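Report on one structure; see the data block that follows.
The values are calculated or read from the model by the stated rules, or taken from the named source; none is laboratory data. Note that the coordinates shown come from a computational prediction; the quantities given were computed from them, not determined experimentally. Virtual Cβ from ideal backbone geometry, glycine too; neighbours counted across all protein chains shown. Please note that ligands, DNA and RNA were not included when accessible areas were found on the heavy atoms of the full protein model with its side chains. Shrake-Rupley method; radii C 1.70, N 1.55, O 1.52, S 1.80 Å.
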Amino acid sequence: VTGAEPVEASDLDLVRRAQAGDADAFGELVERNRRAVFRAALAALGSAAEADDVAQDAFVMAYRKLATFRGDAAFRTWLIAIAWRKALDRRKSLSRWLRFTSTPPEADADAPNWIEHMPADQRTQEEDLAAAQLQNKVKLLIRTLPRKLRDALLLAGSGEYTYEQISHILGVPVGTVKWRVSEARRVLKQKLAAVGHAHD
Amino acid sequence: MTERLWRGLEADDTDAAIDRAVREILDHEPAAGFRQRVLARLQREPNEASWLAAWLTPVRLTAAAAAAGLVLAVMLWTRPAAPPADAPVVAQKPATADPLPQSQPKSPQPTPAANDVPAAANRRLARQQPPATAPGRTSDRRVAAASVTPAEEAAERDAARSVAPIDPITIPPLRVQPLEHGEILIAPVVVGPLKIVPLPPPR
């Protein structure tokens, strides 16, 4: 096809070439999928450094198991499932995960004071501060969610994966994934209401 | 006041706040050079299984087995013959101390190797052992072996070879016969008449 635009090889093509020993093809697969793999690990671990390490482990393992990949599922889904299992193994062994999941400190316990002391003509800034405060509170509350709910919420909220992919990663039906995401949101709203924030 | 402010954030409903919080939590990228690091690791860490399979050729397996056999032979050759102080005691104990006919000696029989060691060597080794050691324990064997120089050990081994093998001491089973005793006769006590002899007069 002389003169045509070079067609980007599909993941499956690259996998076939990598299975035949083409290291550059596997490098291209790494480049294409590194972010999705990294974010899955990050959702499980909550630490960028640990997630980077686990993502590397996942690619190394995927390369060694490449001969077993038959193409029944998308390569990315297969790869992320490997990364997720590795991240869960790491999560079990990390004591810092205890800190990550521990009850967050009440960092904004004195927030009403500084808001009330702001001048009346800075209403927009007050609102921005209130929004930022809400944001931080939600982040802290997400860490207090049960693991299954939090995992589903973070994977779905990352924008990297479809519900089908998350279902494959977590090993549960799509309906369960959706329920967990919905339940996570409901619990978060309940917790926000308990600390004095309610829109309903 | 705070609640009033939060209620003022109508545009930012809670769902949107949750979405933003999730994105913030995951707002990280893999460190630079990720692809190069993965490929470098693949080159640096070959597959363990394939490495092992490549290494374990039949020739190497045979060589490893031969080396293991050689090490075992050397260990057996340099090992002390037996706990020497036990042999005479075990052999003599039942003959004098155990009167029951059906009982067998409780300690294990002396090994042929122990019987091969001459009595003089046994006594010397027994003297070299610390008095409080319990025979048969690994650590004690190490202490006993360390206390004999290789030259002494070789001389004792030569002496053991020059002495004819001693037959193991066989102890016939002891038989306890019932104690037989005749009728006990009690003879009557006869008291004869007393005689009073007068003392001689003092000088």
- Item | Extension gain, B:R60 back to B:E153 (0.36 nm per residue minus Cα-Cα distance, nm) | 29.9 nm
- Message: In square angstrom and rounded to 100, what buried accessible area do you get between chains A and B, total over both, with the probe at 1.4 Å?
- Response: 4400
- Peptides ranked, highest mean first, by Cβ atoms within 10 Å: ranges B:158-169, A:67-78, A:164-175: A:164-175, A:67-78, B:158-169
- Item | Cβ neighbours within 10 Å from other chains - mean over A:43-53 | 2
- For the range A:157-197, which residues drop by 30 square angstrom or more in accessible area between the chain on its own and all protein chains together (1.4 Å probe)? A:G157, A:R185, A:K189, A:G196, A:H197
